[in-house]
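These notes concern the structure reproduced below.
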Amino acid sequence: MGYLMHKLEILWQLRGIGFGSTRPVFCDLDNDNSIEIITSNISGDIIIVSADDGKIKKRKDLVREKIRDLIVRDVNKDGLLEVIFATEQPSIVFADPDLKEIYYNVALPSLPLRIFATDIDNDHLPEIIVVDVTSSINIIKSGSIMSRLTLDKPIYALDYGKILVGNTTLSGLLVVHNNTVSLYRQNEKLKTVNEKTIPLDILSAKIDDIDGDGVDEVIIASDGNILLINDLSRNAFDSFKIFRENIVSFELSDIDGDGQKEIIAIGQKTINTRLLKVYKIDGEPLAEYQLPLDGSKILVGDINGDNSQEIIVSDASGKELFCLDMKSQLWCKWISEDNFLFINLYDINCDLRDEIVLRTINKLVALRYI
């Protein structure tokens, strides 16, 4: 594998925006046909940044307290995006895109952790789903909590989708929690449709249609193994071993362009060495690389504009990035001035290649591959 230095450069960086508290969100918030980046800090500021040049378009403190998570959605189908964020109060706040007006401030019984949005009752309007510190799911619609369900801790993955239950494909809210995969439907309340117990320890999980058949699978990392669940009625499930030790992290992406997603995983080789491995969903190994850093998080995107997927790995300290092009077998490395809290891939300037956007302790940095 070749080694190329200085292949990532800073496109722009924005300093002095405070200690980041939420992952950046990317969207055309003001309908001007350009991308904005929405970030926040622990003081409660919501900061809207032009993705073209990294300049602040708006900065507003609506609640004067730490923001714990933030998403952007059109919850009432009026053609305008609402800014929805979780606070320490604890509450969920719905604000207009100009950050001038608060539509709703919904009190929660416990501190929120993550916010999701999906249409779980098929009325063509998204509900807001909030996971809180008690491992409870709160469903919010029209400014009030419709239902609340407390699950066994922890919650590893949550998504609205379709999955096989015997010979029937059922849709609903899929949740991987504790050692269980559960399917819920929302009527007057969130109710269990089907559940499957996993007799192994779960490290992490994802819900995705990895084989391209329009039906979701549940993918679980357990020790050094990957488990694939495609039918909640079956007692058995497919599994294969990737590492002798625990899987540190994994991601799903169609690396080879065959219409099926591959499993990209990081695991321990020795105390000081970590490996990156790529596997087909049937357990066939495709590639293996020794990482030049303490790999922790994986992202996949097209950063060089060649219409293929590159793999980006960050280290455990949040200081280093490693980029791998499997097609050319070339890689590059980038070291940050300060620790980054969040890392994202997004085509922020519509040049048909993904930029790397880092939210560091007090900066927002956009990197491009050259």
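The values are calculated or read from the model by the stated rules, or taken from the named source; none is laboratory data. None of these values were measured; they are calculated from a predicted model. Cβ placement follows ideal geometry from the backbone for every residue including glycine, while neighbour counts extend to all protein chains displayed. Protein only, heavy atoms only, side chains kept; ligands, DNA and RNA dropped before computing areas. Shrake-Rupley method; radii C 1.70, N 1.55, O 1.52, S 1.80 Å.
Annotations for the structure displayed:
- THR39 being in a loop (DSSP other than H, G, I, E, B), closer than 26 Å to GLU337 by Cβ, in contact (Cβ under 8 Å) with a residue 40 or more places away in the chain and open to solvent by less than 10 Å² (accessible area, probe 1.4 Å): no
- Subset of the range 128-147 that is of a type outside the set (S, T, N, Q) and without any contact (Cβ under 8 Å) to a residue 40 or more places away in the chain - its residue that is surrounded by the most Cβ atoms within 10 Å (Cβ to Cβ): VAL131
- Check on ASN167, at pLDDT below 95 and either under 17 Å from the mean Cα position of the chain (by Cα) or surrounded by fewer than 16 Cβ atoms within 10 Å (Cβ to Cβ) (or both): yes
- Restricting GLU65, GLU9 to those that are charged (D, E, K, R) and either under 23 Å from the mean Cα position of the chain (by Cα) or surrounded by fewer than 15 Cβ atoms within 10 Å (Cβ to Cβ) (or both) reduces the list to GLU9.
- Residues satisfying the criterion are absent from the range 76-85 (criterion: of a type in the set (Gly, Ala, Ser) and part of a strand (DSSP E or B)).
- Test: residue in the range 26-38 that is farther than 15 Å from ASP96 by Cα and out of contact with any strand residue (DSSP E or B) (no Cβ under 8 Å at 6 or more places or on another chain): yes
- Qualifying residue in the range 283-301 (condition: open to solvent by 20 Å² or more (accessible area, probe 1.4 Å), in contact (Cβ under 8 Å) with a residue 60 or more places away in the chain and not in a strand (DSSP E or B)): no
- Figure legend. Inter-residue proximity from the range 190-210: first residues closer than 19 Å to ASN235 by Cα, second residues outside any strand (DSSP E or B) and open to solvent by less than 40 Å² (accessible area, probe 1.4 Å), beta-carbon distance below 7 Å, spacing 6+ or different chains. Indicated pairs: ASN194/LEU232; LYS196/LEU232; ILE207/ASP216.
- So ILE84, is it within 17 Å of ILE102 (Cα to Cα), at pLDDT 95 or above, open to solvent by less than 20 Å² (accessible area, probe 1.4 Å) and among the β-branched types (Val, Ile, Thr): yes
- On the stretch given as the range 103-119, residues that are in a strand (DSSP E or B) and open to solvent by 70 Å² or more (accessible area, probe 1.4 Å) total 6.
- When the range 186-241 is filtered for residues that are over 16 Å from ILE281 (Cα atoms) and among the charged types (D, E, K, R), the ones remaining, listed by number, are GLU188, LYS189, LYS191, GLU195, LYS196, ASP201, ASP223, ARG234.
- Flag for ILE303 being more than 24 Å from the chain's Cα centre (by Cα) and aliphatic (A, V, I, L, M): no
- Test: LYS206 is under 20 Å from ASN122 (Cβ atoms) and open to solvent by 30 Å² or more (accessible area, probe 1.4 Å): no
- Condition check for LEU125: open to solvent by less than 10 Å² (accessible area, probe 1.4 Å) and either touching a residue at least 12 places away in the same chain (Cβ under 8 Å) or part of a strand (DSSP E or B) (or both): no
- Within the range 308-325, tally of residues that are open to solvent by 40 Å² or more (accessible area, probe 1.4 Å) and at pLDDT below 90: 2
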